[in-house]
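Chemist: Before we start, here is the structure in question, set down as structure tokens.
Here, each number is a calculation from the coordinates, and none is a lab measurement. Since the structure is predicted, the reported quantities are computational estimates derived from the model, not experimental observations. Because the Cβ atoms are built from the backbone with ideal geometry, glycine has one as well, and the counts that use them run over all protein chains shown.
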């Protein structure tokens with residue numbers, strides 16, 4: 001009996017040693033193709049990081065030279081209400097205000113429509129309807145922004161002027177640009193929100209139905225709170241997309257900085273100003289030329305802050321289900 005136990009123990013040890021050798025052999029086996037793929041992916045990641053660092057370095061360097069060479073102060077840059085660098089007025093508030101106003105108008109359009117379409121596609125639409133409507137909705141994301149700009153100028157502006165009067169709405173105005181920007185970012189918010197809603201476990205819905213809740217009550221009180229982090233992240237990314245939009249505001253919002261809170265008046269956004277000034281006969285190292293880097297750096301930090309806030313929101317309100 002003892003000999004049989006000893007023999008079984010030895011056989012078990014042999015199996016363990018054999019398995020360890022096979023495992024060691026598996027990890028030590030050379031895989032040149034996978035090594036090349038890993039190195040290529042590492043190269044792509046490092047390249048993207050160094051590209052971002054290079055962009056920030058160049059924009060930041062030129063922006064600091066603008067303040068240093070011309071003797072402008074950061075306090076004047078963020079407090080003055082007039083933008084005319086050639087005369088010493090470097091207040092970015094007119095450009096910043098119009099950028100925020102057009103983005104706000106865009107979110108008033110995109111957020112309710114995008115969330116509503118996401119709820120319908122996720123909770124109410126049949127699989128066939130969802131498979132048909134979602135690609136059609138996402139087609140809006142493929143339309144060039146210059147087309148949206150001319151749509152705002154030739155359709156949205158005349159409609160607003162017919163509703164509120166020609167004396168109230170200028171031909172170039174922030175309202176039409178913001179409304180069309182909302183249509184442009186609608187697919188982004190709708191698609192990301194629909195993905196967040198679809199990721200909510202089916203068991204939560206079934207538990208709500210089991211307690212006697214209706215479909216609408218389940219959507220409002222169970223599904224939406226569970227997908228809150230994804231919806232908020234989609235909304236913030238949509239705002240970031242609106243802040244960085246160029247062609248729509250360049251064509252429909254107007255040219256020339258104007259410090260106003262009236263969305264029916266013309267005003268130039270930061271991106272629109274950069275597009276207008278850089279596209280003209282602008283001499284190198286002039287005040288106007290160097291001022292573009294200060295505006296670009298401000299715009300970069302705005303979008304960076306929005307992206308970091310989106311990341312924080314996703315982590316803060318994320319629901320983890322086992």
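Chemist: Just one of [x] 20.3; [y] 20.9; [z] 23.9 is Kirkwood radius over Cα pairs in Å as worked out from the coordinates here. Which one is it?
Modeler: [z]
Chemist: What 222 nm value per residue comes from the helices of the chain, counting each DSSP H run with n ≥ 4 as -39,500 (n - 2.57) and dividing by all residues, nearest 500 deg cm²/dmol?
Modeler: -23000 deg cm²/dmol
Chemist: Sticking with this one: When only Cα pairs under 8 Å and 6 or more residues apart are kept, what is the percent relative contact order across the range 83-316? Let's see the in-between values first.
Modeler: Values: 348 pairs, mean separation 69.8, N = 234.
Dividing the mean separation by the residue count of the range 83-316 yields 30 percent.
Chemist: Considering only C-alpha atoms, what is the centroid distance from the range 162-211 to the range 41-113, in Å?
Modeler: Spelled out, the Cα-based centre of one part sits 27 Å from the other.
Chemist: Ordered by packing density, taken as the mean number of other Cβ atoms within 10 Å over each peptide's residues, highest first, how do 88-99, 267-278, 205-216, 146-157 rank?
Modeler: 267-278, 88-99, 146-157, 205-216
Chemist: Could you work out the relative contact order of the range 61-220, using alpha carbon pairs under 8 angstrom and six or more residues apart, expressed as a whole percent?
Modeler: 27 percent
Chemist: When 102, 87 are ordered from fewest to most other Cβ atoms inside 10 Å of their Cβ, what list results?
Modeler: On the way: 102 32, 87 9.
Fewest-to-most Cβ neighbours within 10 Å comes out as 87, 102.
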